[in-house]
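Rule-based calculations on the coordinates, nothing more; no lab input. Note that the coordinates shown come from a computational prediction; the quantities given were computed from them, not determined experimentally. Cβ coordinates were reconstructed from backbone atoms using ideal geometry, including for glycine residues, and neighbour counts include every protein chain displayed.
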Amino acid sequence: MSELVLQSLYAGLLAGGYYALIALGLTLIFGTMKVINLAHGEMVLLAAYIAYTAESVYGINPVLAIPLAVAAVVLTSVMVYGLVSRIRQDRELNSLILTFGIGIVLTNFVLMVWSADIRSTNVPWFNEPVVIGEAFYSTSAQVLFFLAGLGLTAALWWWLGRSWYGRALRAVASNRNAAMLMGVNPRTTEVISFVIAGLLAGIAGVALYTVAVIHPDLGHNLTIKAFVITVLAGLGSIPGVLVGAMLIGVAEYMTITLASSALQELTGMVMFLLVLFIRPSGLFGSRGRVG
Amino acid sequence: MRAFPIAIVAACYLVVPVVLGSNDYILSLVIAALTLAAIALSWALLGNLGGMVSFGHAAFFGVGAYTSALLAKDLGVPVFLAMLAGGAGAALASVVTMPALRLRGPYFALAILAYAQIFRILANQMTGVTGGAGGILSIPPLPTVFGFDFSSKLGAYLVILTLLVLGILAYKAIRDSYWGLALKAMHDSEDATRVIGVPSTRLKAAMLVVSAFMAGVAGAFNAHVIGFLEPDYAFAGTWSVIPVVAAIFGGYRTLSGPILGALVIYLLDQLLFKTLMPQGHQIMFGVLLGAMILFSPSGLLPLLTKPFARFKPAKRTPTPEKRHAAAA
Amino acid sequence: MPLRLENISVRFGGIAALTGVNLEVADDSVVGLVGPNGAGKTTLFNVISGLVRPTEGSARFGDTDLVKGKIHNRARAGIGRTFQIPQPLHELTVRENLMVAQRFGAGRIDPSRIDEILDFLNLTHKADAQAATDLALSEQKALEVGKALATEPKLLMLDEVLAGLETSGKRAFMTMLARLHREWNLAMIVIEHDIETISRLCQRCVVLNFGKVIADGTPDAVFRDPEVRRSYTGTGAAEHA
């Protein structure tokens, strides 16, 4: 029993790495613009399907398809920004409804192009077992994208905290008008945050495709998962995302081990509601901060 | 002034059956459209009167459907009574979601979405009660009363029409009452409203219950018409999406907007989009939703009447995050 | 049914907005509440009307506990207030504003009383105007008082209702407030900067500075107090806050 628990702890932590990848873009945009991008999960899914096409049609390794997936998703992300930035009144709620609509468009686009079948990678390397200490089992894909998740979270955190663009971004997030007076063009920084969100979503999509299975209905769940992690993290907090993602990962795998795999999704939902009700500013964040 | 709506309702009761009475295909389209109109109305009651946007009305629709179906099938409760109980069941379920009332707009919307997902998962899991993913077959149809067969297409049409009319009357009664005035005032001046004695949380909770009841009855009606339920159908995202699209499309600040919106959208979807794009025709819902938010957030009517005043000056003054501060 | 605050303290994060405030207001008295900006006057109103929960202390209005109770119950208990920046109920007409206040705050429906209030505040001709958009500042301020009156309060708290009005408007409003006290038989707490207004309207004056009561007495005595004078001229709270 305890071995099973340890194994699910390990698997949960690993899953947290790529869950973080899924959530980072949503967190970033929420942190900078107070916009909850409900099409985020569909953007991740789009990248996953591009990786699938690269593999199944052109025989390209999904990892090598990352540039293509990222390019497509970044483009989508910038288009989403173009639409969201046109909202003038009641932006918080209207952007939610707008991106909800964009999500529906993307889901059905995926459905039209790739049909409703379930897909997963056929490249054997991704599914090769990696055993650590004879007790902890995982696949190469899980380990690879766990590391990628760690690395990219750290990179984003560093970038927001240290680079000039990052500083400008935080300035716009905390006070748009003041930042404008200081010579920061808020639109530029907002576009950049959408570009980065797209980039991260693109990588997350490829991770998703190699680690798990994909189908067109998944986008919605991914958005919710990303939002759950964002809320757990404390809306806008980047290091919190990693911790929140790992918490969700561990909770999910524990549920699978101790109860049933059908309840996996339930765990995230319940945690989400609990965090919203108990501490609306999240577990780790101070309210509305980026970085 | 009042003659016009009465004339429309009279036409729906008298003219439509005579003209379409024998065309089962058209009638079943109209029945489905009216069912969606009823959910859209329940959604708009919460959204317009209560000031709360919900992304999860499927939760109430599904609970209403299951409650009524199980009562009628397993306990032999008369169908019309079971439908009422379905509404009551959904109202009861809404009590579980009430902690979400403390959350501000977007968070409320997402919390209700999470509830809908939780309900769907639970319905899948509670195989003893719901039959799980296998679903429930042969749900009792609408009954025959005084020799009139309500399970016929025409009968079902008359039932859903009546439910919708009752819903409209309830909506109007609330809107025009002191509660309605207070709710209207709460949108933009919550503190000022509470200070003069309005129990705002209680009023919002009441709107949630009424809205859930209406959605639940619609779900119950649908279950008895379709005769079959499974969790992924009863709690499908569609039941959450369509009312939002319909209400935003028609204009959720008005009474007729959500209803007309639902009728137009559903018929467009079934008659046009579905034939053009058999796979993924719901893409048009997304397009419509996005277009409405961008070009006419207050609905189609203002867009038609004022083609050049696309963006009305912001009527809502942004309220500072008082509630956040109070909760912290 | 007197108001009794004991040792009320409010802290926002590290900032002490009120520290150990004691205040009793008897039925039927008019108390002026003065002090420099940031002294805690509005915070005190917020505590009494329930928008801010005190960190410490007890507050009662007759039998009603003002620390724990719900905001909306205070109107029924007899506490009415105005906001410094008028907060009309949006999307409602002036009359509807008063109707909602009466129905929920006083718990009864009496149209003739509403006509009376409209008449008293010179708002009859604006009864069907949109409260949020169609009123001049003086009318908005009058509506603020009207909403509070419609809840049939025993204690009326006025937060700078005269501020921003020109001199003649101010004078008319003051006459009205004096009549209000006489004819409607209300206890009142009045926040006002203008010393003359306070002197004319109130029998008693309480001075707040840095969240503490620094003087309490007749207006004449209070304004002669050297500490009060210092707080208004030399080292005002505004410089420190």
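Cα convex hull of segment B:155-221: how many Å³ per residue?
Numbers: hull volume 4.6 nm³, N = 67.
Spelled out: Cα convex hull of segment B:155-221, divided by residues, is 69 Å³.
Skipping prolines and chain starts, which residues have an amide H placed within reach, meaning under 5 Å, of the one on C:LEU33, given they are 5 or more residues away or on another chain?
Those qualifying (amide H under 5 Å, at least 5 residues apart or on another chain) are C:VAL190, C:ILE191, C:GLU192, C:VAL206.
How large is Rg/Rh for segment C:124-241, to two decimals, with Cα atoms and a Kirkwood Rh? Let's see the in-between values first.
Working: Rg = 16.3 Å, Rh = 16.0 Å.
We get a ratio of 1.02 for segment C:124-241.
Enumerate the residues in segment A:183-223 having an amide nitrogen under 18 Å from the point lying 7 Å beyond the Cα of A:ILE132 toward its Cβ.
Taking a point 7 Å out along Cα→Cβ of A:ILE132, the residues of segment A:183-223 whose backbone N falls under 18 Å are A:211.
From zero outward in steps of 10 Å, how is the percent of C-alpha pairs of segment A:107-229 spread across the bins?
Spelled out bin by bin, segment A:107-229 gives 11, 29, 29, 20, 9, 2 percent.
What translational D, rounded to a whole number of µm²/s, comes out for the protein assembly as shown from Stokes-Einstein when the hydrodynamic radius is the Kirkwood one over Cα pairs, at 25 °C and 0.890 mPa s?
Working: Rh = 29.9 Å.
The Stokes-Einstein estimate is 82 µm²/s.
Have a look at B:SER28, B:VAL129, B:MET277 and report the one farthest towards the positive end of the charge dipole of chain B, computed about the Cα centre with Cβ charges (Lys/Arg +1, Asp/Glu -1).
B:MET277
Just want the answer: with Cβ charges of +1 for Lys and Arg and -1 for Asp and Glu, which residue in A:SER115, A:MET79, A:GLY149 is farthest toward the dipole's positive end in segment A:2-278?
Farthest along the dipole direction, towards plus: A:MET79.
Mind putting a number on the dipole of segment B:24-327 about its Cα centre? Charges go on the C-beta only, +1 for Lys and Arg and -1 for Asp and Glu, and I need it in Debye to the nearest 20. All intermediate terms of the calculation are to be shown ahead of the outcome.
Details: 20 positive and 11 negative charges, 218 e Å.
Roughly 1040 debye, rounded to the nearest 20.
Exposure proxy check: B:CYS12, C:CYS205 ranked by fewest other beta carbons within 10 Å? Intermediate results must be reported in sequence, preceding the final value.
On the way: B:CYS12 18, C:CYS205 26.
The most exposed by this proxy come first: B:CYS12, C:CYS205.
Do the alpha carbons of any pairs in B:LYS172/C:LYS141; B:LYS73/B:LYS204; B:LYS172/B:LYS204; B:LYS184/C:LYS141; C:LYS41/C:LYS170 sit beyond 26 Å of each other, and which pairs?
Working: B:LYS172/C:LYS141 32 Å; B:LYS73/B:LYS204 34 Å; B:LYS172/B:LYS204 17 Å; B:LYS184/C:LYS141 21 Å; C:LYS41/C:LYS170 21 Å.
Listed pairs above 26 Å: B:LYS172/C:LYS141; B:LYS73/B:LYS204.
Please report, in debye to the nearest 20, how large the charge dipole of the protein assembly as shown is about its Cα centre when each Lys and Arg carries +1 at its beta carbon and each Asp and Glu carries -1 there. Intermediate values should be presented prior to the final figure.
Values: 63 positive and 53 negative charges, 266 e Å.
Once rounded to the nearest 20, the dipole reads 1280 debye.
How big is the Cα convex hull of chain A in projection, averaged over all directions, in nm²?
On the way: hull surface 60.8 nm².
Seen from a random direction, the Cα hull of chain A projects 15.2 nm² on average.
Report the one residue of C:SER9, A:PHE272, B:ALA100 whose Cα lies farthest in the direction of the positive end of the charge dipole of the protein assembly as shown (charges on C-beta: Lys and Arg +1, Asp and Glu -1; origin at the Cα centre).
In the protein assembly as shown, that residue is C:SER9.
Can you tell me the Rg and Dmax of segment B:24-327, counting just the alpha carbons, in angstroms?
Reported Rg and Dmax, both Å: 19.3, 62.
Per q in 0.15, 0.16 Å⁻¹, report the Debye log10 I(q)/I(0) for chain C, using one uniform scatterer on each alpha carbon and no solvent.
Treating every Cα as an identical point scatterer, log10 I(q)/I(0) equals -1.04, -1.18.
Grab the DSSP H runs of chain A that are 4 residues or longer, score each as -39,500 (n - 2.57), total them, divide by all residues and round the 222 nm result to the nearest 500 deg cm²/dmol. If you can, show how the numbers build up before the last one.
Numbers: 12 runs with 216 residues, N = 291.
Here the helix-only value at 222 nm equals -25000 deg cm²/dmol.
What translational diffusion coefficient, in µm²/s and rounded to a whole number, does the Stokes-Einstein relation yield for segment C:79-178 at 20 °C and a viscosity of 1.002 mPa s, taking the hydrodynamic radius as the Kirkwood radius over Cα pairs? Please report the intermediate quantities before stating the final value.
Values: Rh = 13.3 Å.
Rounded, D is 161 µm²/s.
What is the distance in Å between the Cα centres of segment A:91-118 and segment A:130-196?
One Cα centre to the other: 24 Å.
Considering chain A as a Gaussian network with a 10 Å cut-off on Cα pairs, which listed residue, A:LEU156, A:LEU266, A:LEU46, attains the greatest mean-square fluctuation?
The residue that fluctuates most here is A:LEU266.
Could you tell me the calculated FRET efficiency between C:ASN122 and B:ASP176, based on Cβ-Cβ distance and R0 = 25 angstrom, to the nearest 0.05?
Working from the Cβ atoms, E equals 0.30.
Restricting to DSSP loop positions (anything but H, G, I, E, B) with no more than 13 other Cβ atoms inside 10 Å of their own Cβ, which chymotrypsin sites (Phe, Trp or Tyr not before Pro) remain in segment B:82-147?
Details: sites: B:TYR107, B:PHE108, B:TYR115, B:PHE119, B:PHE146; in loops: B:PHE146.
Hits after loop and neighbour filter: B:PHE146.
Quick one: dipole size for chain C, taken about the Cα centre, charges +1 on Lys/Arg Cβ and -1 on Asp/Glu Cβ, in debye to the nearest 20. List each step's numbers first, then the result.
Details: 28 positive and 30 negative charges, 95 e Å.
About 460 debye.
Could you list which residues have their amide H under 5 Å from that of B:VAL77, counting only those 5 or more apart in sequence or on another chain, with H placed in the peptide plane?
Those lying under 5 Å, H to H, from B:VAL77 are B:ALA72.
Of the residues B:THR97, B:THR35, B:THR201, which exhibits the maximal mean-square fluctuation in a Gaussian network model of chain B defined by a 10 Å Cα contact cut-off?
Among B:THR97, B:THR35, B:THR201, the largest GNM mean-square fluctuation belongs to B:THR201.
If we count other beta carbons within 10 Å of each Cβ, what is the order of B:TRP239, A:TRP114, fewest first?
Details: B:TRP239 27, A:TRP114 20.
Arranged by neighbour count, lowest to highest, B:TRP239, A:TRP114 become A:TRP114, B:TRP239.
Highest first, please rank the peptides C:87-100, A:68-81, A:23-36 by the mean number of other Cβ atoms sitting within 10 Å of their residues.
On the way: C:87-100: 24.1, A:68-81: 21.0, A:23-36: 26.6.
Per-residue Cβ counts within 10 Å, averaged per peptide and sorted highest first, yield A:23-36, C:87-100, A:68-81.
Which order, highest average first, do B:42-52, B:253-263 follow once you tally other Cβ atoms within 10 Å for each residue and take the mean per peptide? Display every interim value, and only then the final one.
Values: B:42-52: 25.7, B:253-263: 22.9.
With the highest mean Cβ count within 10 Å placed first, the list reads B:42-52, B:253-263.
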